[in-house]
Amino acid sequence: MKKLSLPSKWHLVLLPMSVVTVLPFVWMILSSVMTQGELNRFPPPFWPEGIDLGGYRTVLNGSNFPRWFLNSVIVSGAIVLAQLALCSLAGYAFARIRFVGSRVTLVLVIATALIPFQLTVIPTFLIFNKVGLTDTLGALIVPQLSSAVGIFLMTSFFQSFPRELEEAARIDGCSRFAVFFRVVLPVARPALAALAVITFITAWNDLFWPVVVINSDANYTVQVGLTSFQGQHRADWPAIMAGTVLTTLPVLGVFLFGQRRFVQALTGAVKG
């Protein structure tokens, strides 16, 4: 018989931390199926007496939440696809192609990540207003077509990629683009998955820029719509919690689906 191993001392530390981290999410889900009377009690019960889906009906039928959700899916999906394409190309160029000022250019690109977006929001808004993109989904997509973090992540991963495989493909007659698409990208799936997770979570949770550039209810993302919904239903806590659950589930699903490759890519980036 295989001998059972005892938990290490680190499990004794991580277990309470995990409970503290997960407890708010559990409470959010449970409170979304409680009644208004249960949540108005003091202290409110931790476990609902029954499952009441009135909050979800209020969110789905009493607001434009399905449209907001679809807008967020469109915006986040377009941003993820754009960054996977552009950041991988830029990262490979910085990692493999040496040109005059390449290292300085890479440092400058990474340095832009240190500039708060709040400092550039006014000129960015003026530019989009001038070209007529305000109050459109395009205004949410274009500023995030690429990112310094994504370029740095892909550059670090490609720098750790063995050159021998690329040189063998070049000897066989492959062009640089063929080497990139046929040899390098298939191996870079962990880094691409990590970039997709980071980009999706950032785009999905973005609130500041959509509040500035979007005015009409039909173009709200789910974060802006949920904020507006909360302002209209301040006392309806089951509905607010239900909307929060529906907003949070896609982020949790994406992270849980790609967490293994996410850790692999970050490990490779640190080594690189």
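The values are calculated or read from the model by the stated rules, or taken from the named source; none is laboratory data. The shown structure was predicted, so the numbers you read here are calculated from the model rather than taken from an experiment. Counting neighbours? That spans all protein chains shown, and the Cβs are built from the backbone with ideal geometry, glycine included. Accessible surface areas use protein heavy atoms only, side chains included; no ligands, DNA or RNA. Shrake-Rupley method; radii C 1.70, N 1.55, O 1.52, S 1.80 Å.
Worth pointing out:
- Across region 112-154, the number of residues qualifying as over 23 Å from residue 217 (Cβ atoms), open to solvent by less than 40 Å² (accessible area, probe 1.4 Å) and either assigned to a loop (DSSP other than H, G, I, E, B) or among the hydrophobic types (A, V, I, L, M, F, W, C) (or both) comes to 5.
- Leading residue by the ranking (least open to solvent (accessible area, probe 1.4 Å)) among those in region 44-58 that are over 15 Å from residue 27 (Cβ atoms) and out of contact with any Leu (no Cβ under 8 Å at 6 or more places or on another chain): 54
- Number of the exception - residue 193 against (1) within 20 Å of residue 56 (Cβ to Cβ); (2) at pLDDT 80 or above: (1)
- Residue 173 meets all of the listed conditions (1) modelled with pLDDT under 90; (2) in a helix (DSSP H, G or I) but one, namely (2).
- The set of residues in region 59-73 being surrounded by 12 or more Cβ atoms within 10 Å (Cβ to Cβ) and over 25 Å from the mean Cα position of the chain (by Cα) consists of 62 alone.
- Check on residue 21, open to solvent by 30 Å² or more (accessible area, probe 1.4 Å), in contact with an Asp or Glu (Cβ under 6 Å, 6 or more places away or on another chain) and within 27 Å of residue 222 (Cα to Cα): no
- Residues located in region 193-212, provided they are open to solvent by less than 40 Å² (accessible area, probe 1.4 Å) and farther than 15 Å from residue 68 by Cβ: 193, 194, 195, 196, 197, 199, 200, 209
- Sole exception among (1) on the phi > 0 side of the Ramachandran plot; (2) touching a residue at least 60 places away in the same chain (Cβ under 8 Å) for residue 90, by number: (1)
- Qualifying residues in region 220-247 (those that are open to solvent by 30 Å² or more (accessible area, probe 1.4 Å), in contact with a helix residue (DSSP H, G or I) (Cβ under 8 Å, 6 or more places away or on another chain) and part of a helix (DSSP H, G or I)) - the one modelled with the lowest pLDDT: 230
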